[in-house]
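Structure first, then comments.
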Amino acid sequence: MTDLPHPERNPLRSLAHHIWTRERVWLVCIAVLTAVAALDAPLAVTSVHFTATNLLDVAPFLILSIAVAAYAGATGADGLIARAFTGSPAVMIAIAALAGGVSPFCSCGVIPLIAALLAMGVPLSAVMAFWLASPVMDPSMFVLTTGVLGVEFAVAKTIAAIGLGVFGGIIVHLLSRAGGLTDPLRDGVGNGGCGASKVRTSHPVVWAFWHDKTRSAKFLREAAKTTIFLTKWLTLAFLLESLMLAWIPAELVTRALGGSGLAPVGIATLVGVPAYLNGYAALPLVGGLIGQGMAPGAGLSFLVAGGVTSLPAAIAVWALVKRPVFALYIGIALTGSFASGLLFQLWASL
């Protein structure tokens, strides 16, 4: 029996396949920007400026979170962190939600920590609780919310953030006990850890890792890998957000969210997903709408839903986890935001 000759691979086709497989996010960014430039050159320039500005704004948080995650891996402290999440699921979820509600990390800056926690084997229920609560509130956001919307609204938003985290953590815990949501991370994200079933075997911690060439190389490798991963996905996210802001008039958002009653709470929850600006820019908009008669519950739903599912946060989550986990993340965010708005509406009417 003679061997059949193997067809020669086309080098250009192989190169194109490699580039599309590894750099498709950058290619999409270039394609979108090229199309926008062809239709509206000034808007393309504005979008580039918007994207660069937002990347610089989140850079301090990203650098800090990437450094913390890489340091934990290089020193072996990730095992200690993972073991801190053992014990009662209810306690883990409550602590994670509380930590998320007061942490200074933005929805993008927390992504490296989330990836590291999942790769360490921290239960997805606790990670989800932290993940859901973190984008909604932080210390600076609390102060600004108090100044724009009042202390009662700021406290309500904080409670909503923690409550959303607890709600999501419980849902994920129940689903995990039923045998679902194993291996939540996408292939190639993190280090291939199981993510939800067990905590890694601990190794000796070397805090001064820079004296060890192997650990130093691991720190640099993980930091560079995470930086590249986040930069390309956040570039796409901010680019799309700039187009959304340009093509969705603020007046349309105002008309959709105006009014009182139960319906605006549901509408605000849904509108908050595509029309959210950012945590700080959205506050004056909501303040103006409430001043025009919008129900406070609708304003809270808009802020909570938009904070968790804003384009940068949602795209970062999409890039990190598998589709069922992403769908669950969005579903919990919308359900919890709607419930938060209703409860605050009832409180305000008392």
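Listed values, structure above:
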item: Leu27/Ser140 FRET efficiency (R0 30 Å; Cβ-Cβ; nearest 0.05); result: 0.25
item: Separation in nanometres of the label points that stand 7 Å from Cα toward Cβ, at Lys225 and Leu262; result: 5.0
item: Label point distance in nm, Val205-Ser349, each placed 7 Å from Cα along Cα→Cβ; result: 5.1
item: FRET efficiency, 1/(1 + (r/R0)^6) with R0 51 Å, evaluated for Leu174 and Val151 via beta carbons; result: 0.90
item: Rounded FRET efficiency, nearest 0.05, which uses the C-beta distance separating Asp187 from Leu56 and R0 of 45 Å; result: 0.90
item: The range 298-350 - Kirkwood radius from inverse mean 1/r over Cα pairs (Å); result: 11.7
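Read the figures in this text as sums done on the coordinates, not as results from a lab. In this text the structure is predicted, and so the values were computed from the model without any measurement. All Cβ positions, glycine included, derive from the backbone under ideal geometry; neighbour counts span all protein chains shown.
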